[in-house]
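Inspection log for the structure reproduced underneath, given as structure tokens.
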Amino acid sequence: MFQSLRFLWLLFVVGYAANLWAQSPEALHAQTALIQQLQREYPGVLVYTEGNQVRRVWGKPFGYGSSTIDSAQAFVNRYGELFAPGASQLVLNGIQDVMRGKFTAVYFQQQMDGIPVDKGELTLLVREMEGYPLVLASNAVRYVHPIATTPKLSSDEAVQIVKKLRPDLHADTKPELIVYPAEEQTHLAWAFSVDKHSLEKPERYRVFVDAHTGALLEWRSEIYYSDITGQVRGYATPGLRPDTTANPPALGAIPKLRVSVVGGESIFSALDGSFTLSSGGASSVTVRAELTGPAVRVADQAGSLMSLQQTVTPPTFIDFLFNATPTEFNTAQLNGLLHTQLVYDFVKSINPNYPGIDIQIPCNVNIANTCNAYYSNRTINFYRSGNGCVNTCYSTVVYHEYGHFVIAMGHPNASGDYHEGMADVTAAFLTVDPCLGLEFRGVGTGCLRNAVNNRLYPCSGGVHYCGQVISGAFWQTWLEMRNRYASNPQYALERVREWYLNSILLRPTGITPQITIDVLTLDDDDADIYNGTPHYQQIATGFARHNLPAPQVDWVRIEPLMLPGAVVAPPIPGSFAMPLMRFSVRISDSIGQRDMNAVFLHYRVNRGAWQTVRMNRAGAHGALTAVPVPPCGSRFEYYIEARDMQGRSTYYTRSGAQAPLQTTVAMSIETVFEDTFETNLGWTVQNDSSLTAGAWTRGVPRGTTQNGQPANPGSDSPDAGTQCFFTGQGSPGGSVGEADVDGGPTYLISPVINLAGADALIEYFCWFYNGTVLNDTFWIEVSNDNGATWTRVETVAFTGGQNQWVRRRFRVSDYVTPTAQVRVRFATSDNPNDSITEAGVDHFVVRRIVCP
């Protein structure tokens, strides 16, 4: 599908993301303690979070058992609260083979008193090997508050409420009770599907009605459309182009078409179109051929469906010739049969156990409309030609729409952009061609979309536009694999097809770097991501091209044995002894083979030039060195580099010079000012005259989202309190942008801090989001003259990771001379007023460096 009718999608994602921030400080502390416990129990295990929500647990095995289910259930019993289910429980809901026996996905449904939580689930991936190690946890659990689970409205009353509003919609499913987490509270809801039963103008929704109040909570569209977005010119190739005078129908075999003896045997034709029927005698019989395959039932919405029959006396040879004089409508019927069956066979060849697709999906062709195609409720639907567009039932359009069916069966809670992007991948990997919808608008008009693109995560735009982030990542990975296996490209193609299809079963919450982790986990061959995967380089390169970076792996392993502490005592004035800071590490092989002559300490003092010292070899694995302790008050930064025999570097810490370890040389460090913003300690707000909304305010913010991205902090906090400073408070249930920054700047200014005669470290947590037009920034400044002049410390531009609490620190003397009149201010603006801009600040601490 090329366009979605999900006109209430934003309402859903706002409600969903808001629940991520609904956890209490106590729950957040408990979650942090569980993470620490897990990492102590299973050293090396990694946790991927989005905001305060744990989305992936991965890296090293983090659970074992006597069977697949035993491993998964034991982990849930011990660490279920890690995923913040609140008042709910996680209940085993099924298993699914992944990659033909290499893994098993174990699904847990989130429930409250036996009632399912909407879209709440936990997927655990178990490696099928001795010990049944858990290698990946994929979390879509939602935070829920306690509610009464006995409805006050009956299911019939809920149906009548919807019927009064939309009498043209018909209830298609029996209402079921659902726990529905919304932005402000959790609801008990009746959920059921309603359908307009119109192929020309389809409408189908999953409706949620509050089972206590009768309020309509959500109309969730279940229609997936294909859309035309612009024009791309190019030349077509035979086989993928639509039915036009430049590409007329050609005679060929029709495989897997049902042929039957009326009242007798029924079979499907072979791949070459041949068939053999047993008649049971020598009497004349009627043999019928009709447009039904093992995985498709064609239905013509423009008239009668082609069906041929002959009355013969066995033995004889029958020649069925469909569409002998080609017409648009008849050609569309054959296209629907051939291409739907082809894409079904494609999916089954990758994963024979893929769930839900072993049905004869209705393929409705020649619908009385133009320039579109769509998937809905286990049907694929195609329009006739007109208004400059071709008949849409052809090759890649069929593969794309069927791709939506595949995604819906494997990942019932998939987001819109993910749906669109992975449906594009279905077509691209089947045809091994990145072009989707070639000549949709007629001869010479090129592709509708292309998997060769420059779309990047995070993406602001429609679901079809942003879906190209994931289609581009998979296609680029295929190109990297093809380059590596130039002598055997079929092997490369089989691998990327496996990753594409089976990654759907891991049910990612959207297009984020979590998918890169999923693909690496599927590729891994020893349940240890740290030491890389067989195709780490190709996957990392392909996904990084679309800003979906892979986690860094260790070419060699660096184990610290002795490193300086956070504070190091300074040299004693007048003493001849020269104190040293000592560094000792152990280096071992990982993906690469260690080079013990290439282990280095990189360090700098007070942000001076980086110095490099080759560490001395100590035995087969050890490396050590020492450097003099600099004077009191100095800041000492360092990281360690170790190379393998191919010259590839591993760093400790992994970010190297971007995030070095730090040591302060001091007698002690004293906290002189700390503010968690639970009370008013003297901060002031100043606003430019152009500011019309979004001034800094102190309180508990209400979280909102844009395109699935958290826009402001919500009620979470990085410290034990609940309050912070943030830009603008919206109304309960308000939409994104209601109280964001408009105009400005707006300044948040600290009280005066006395740092006379001493340097200090200033630490704080900050939050920043910029959406729609990415042209705004958030900046931090410091003054040593009571605000008469200001020096810029940092400018933050939104690149996708700043819309969460991030701890920042700076040293006052790096920017101004410490005095008795130091102030810090935080600022942001939306000027010109053309985007969504939000910021937050919390837990501000000033620590004085004490020297003799």
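The values are calculated or read from the model by the stated rules, or taken from the named source; none is laboratory data. Treat the numbers as computed from the prediction; the structure is a model and nothing was measured. Note that we place each Cβ from the backbone using ideal geometry, even for glycine, and neighbour counts take in every protein chain shown. Protein only, heavy atoms only, side chains kept; ligands, DNA and RNA dropped before computing areas. Shrake-Rupley method; radii C 1.70, N 1.55, O 1.52, S 1.80 Å.
Once the C-beta distance of VAL613 and GLU41 is scaled by a Förster radius of 56 Å, the resulting FRET efficiency is 0.95 to the nearest 0.05.
About the centre of its Cα atoms, the chain shows a dipole size close to 1340 debye [charges on the beta carbon of Lys, Arg (+1) and Asp, Glu (-1) only; nearest 20 debye].
By the Cβ distance rule of under 4.7 Å, the chain has these cysteines without a partner: CYS363, CYS393, CYS724, CYS766. Looking at the square roots a ≥ b ≥ c of the eigenvalues of the Cα gyration tensor of segment 88-212, which shape do they give, rounded for a/c under 1.5, prolate if a/b is larger than b/c, or oblate? Oblate is the answer for segment 88-212, as a/c is 1.5 or above yet b/c matches or exceeds a/b. A simple packing score, the average count of other Cβ atoms within 10 Å per residue, orders the peptides 116-127, 825-836 as 116-127, 825-836, with the highest score first. Bridging of LYS201 to lysines at a Cα separation below 25 Å is possible for LYS163, LYS164, LYS174, once same-chain residues fewer than 8 apart are set aside. Counting only aspartates and glutamates at least 8 places from LYS152 when in the same chain, those with an alpha carbon closer than 17 Å to its own are ASP113, GLU176, ASP210. Each peptide in 590-601, 555-566 receives the mean, over its residues, of other Cβ atoms within 10 Å, and ordering these scores from highest gives 590-601, 555-566.
In the chain, what percentage of the DSSP-assigned beta bridges are antiparallel, given to the nearest 5? For the chain, the DSSP antiparallel bridge percentage is about 95. As a calculated quantity, the FRET efficiency between HIS29 and ASN786 at R0 = 25 Å, using C-beta atoms, amounts to about 0.10. Taking all protein chains as they are arranged and a probe of 1.4 Å, the heavy atoms of ILE359 leave approximately 50 Å² accessible to solvent. Helices of the chain meeting both criteria, an alpha-carbon length of 27 angstrom or more along the long axis and an average Kyte-Doolittle score not below -1.0, with helices taken as full DSSP H segments, are 328-350, 463-484. Of all lysines in the structure, those lying under 30 Å Cα to Cα from LYS256, and not within fewer than 8 positions of it along the same chain, are LYS348.
Surface composition of the chain: carbon plus sulfur atoms contribute 50% of the solvent-accessible area (1.4 Å probe, protein chains only, all chains present).
For segment 99-253, the residue among ALA215, ALA137, GLN109 whose Cα projects farthest onto the positive side of the dipole built from Cβ charges is ALA137.
Once you order the gyration tensor axes a ≥ b ≥ c over the Cα atoms, which shape class does segment 405-512 get: rounded for a/c under 1.5, otherwise prolate or oblate by comparing a/b with b/c? Because a/c hits 1.5 or more and a/b fails to exceed b/c, segment 405-512 counts as oblate. Calculated FRET efficiency, GLN360 to ALA544, Cβ-Cβ distance, R0 = 35 Å: about 0.25 to the nearest 0.05. With all pairs of separate Cα atoms included, segment 767-852 yields a Kirkwood hydrodynamic radius of 14.4 Å. Label sites at GLN658 and VAL262, each approximated as a point 7 angstrom past Cα along Cα to Cβ, lie 7.2 nm apart.
Based on Cα contacts under 8 Å between residues 6+ apart, the chain shows a relative contact order of 9 percent.
The mean sequence separation of alpha-carbon pairs under 8 Å and at least six residues apart, normalised by the residue count of segment 413-492, gives a relative contact order of 30 percent.
Solvent-accessible surface of the chain, averaged per residue with a 1.4 angstrom probe and all protein chains in place: 39 square angstrom. Taking packing as the residue-averaged number of other Cβ atoms within 10 angstrom, the listed peptides 422-435, 184-197 run from highest to lowest as 422-435, 184-197.
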